[in-house]
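Take a look at the structure set out below.
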Amino acid sequence: QVQLVESGGGLVQPGGSLRLSCAASSSYFRFTTVGWYRQAPGNQRELVATITRGGSANYADSVKGRFTISRDNVKYTSYLQMNSLKPEDTAIYYCNIGGVDSGYWGQGTQVTVSS
């Protein structure tokens with residue numbers, strides 16, 4: 001069983017920054033794509049960004065140029081650097097490894113962007 005623990009969420013003003021972390025408990029992390037997702041109240045979960053085992057990143061159009069996903073395969077940790085945050089970025093952010101349907105999920109971390 002793989003455990004994922006997200007951290008780094010909080011309350012930030014519009015235009016501010018946060019850095020989320022996702023720490024995995026298993027070396028399985030090294031061999032799989034990491035995905036960051038978010039879910040706002042009343043909305044479906046949406047993909048924010050992914051990074052392959054080799055480091056290739058993809059982003060949702062809504063976050064391109066503002067968010068940066070990265071990973072440290074030694075620490076089994078992924079990061080999501082979020083800059084120029086907007087109120088519409090408010091959501092619970094989750095990380096996933098191993099795929100949406102049969103992979104592993106963290107418990108989520110709340111990000112609130114508000115003045």
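Separation between the residue 100 and residue 56 pseudo-spin-labels, each 7 Å from Cα along Cα→Cβ, expressed in nm?
1.9
Share of the chain's accessible area from carbon and sulfur, percent, 1.4 Å?
Of the solvent-accessible surface of the chain, carbon and sulfur hold 44 percent.
For the chain, place one equal point scatterer on every Cα, skip the solvent, and apply the Debye formula. What is log10 of I(q)/I(0) at q = 0.13, 0.21 Å⁻¹?
Scattering profile of the chain, log10 relative to I(0): -0.43, -1.13.
For region 21-87, just the Cα atoms, rotate onto the principal axes and tell me the three extents in Å, largest first.
35, 25, 16
Per residue of region 59-64, what does 6.51 cos²θ - 1.76 cosθ + 1.60 with θ = phi - 60° give for ³J(HN,Hα)? Whole Hz please, x for Gly and Pro, Karplus curve as stated.
Whole-Hz 3J(HN,Hα) from phi for region 59-64: 9, 5, 4, 5, 10, 4.
With the Cα gyration tensor of region 71-112 giving a ≥ b ≥ c as the square roots of its eigenvalues, does the rule (a/c under 1.5 for rounded; else a/b larger than b/c for prolate; else oblate) give rounded, prolate or oblate?
Judged from the Cα gyration tensor, region 71-112 comes out oblate (a/c at least 1.5, b/c at or above a/b).
Can you list the residues, at least 5 places off or on another chain, whose amide H is less than 5 Å from the amide H of residue 86, using H built in the peptide plane?
15
If each residue of separation counts as 0.36 nm, what is the full-extension length gain between residue 45 and residue 26 once their alpha-carbon separation is subtracted?
4.3 nm
Given a 1.4 Å probe, how much area per residue of region 1-100 is accessible, in Å²?
Per residue, region 1-100 has 51 Å² of solvent-accessible surface.
The values are calculated or read from the model by the stated rules, or taken from the named source; none is laboratory data. Bear in mind the structure is a predicted one, so any value in this text is a computation, not a measurement. Glycine gets a Cβ as well: all are built from the backbone with ideal geometry, and neighbour counts include every protein chain shown. Each accessible area value is taken on the protein alone, full model and side chains, heavy atoms only, with ligands, DNA and RNA left out. Shrake-Rupley method; radii C 1.70, N 1.55, O 1.52, S 1.80 Å.
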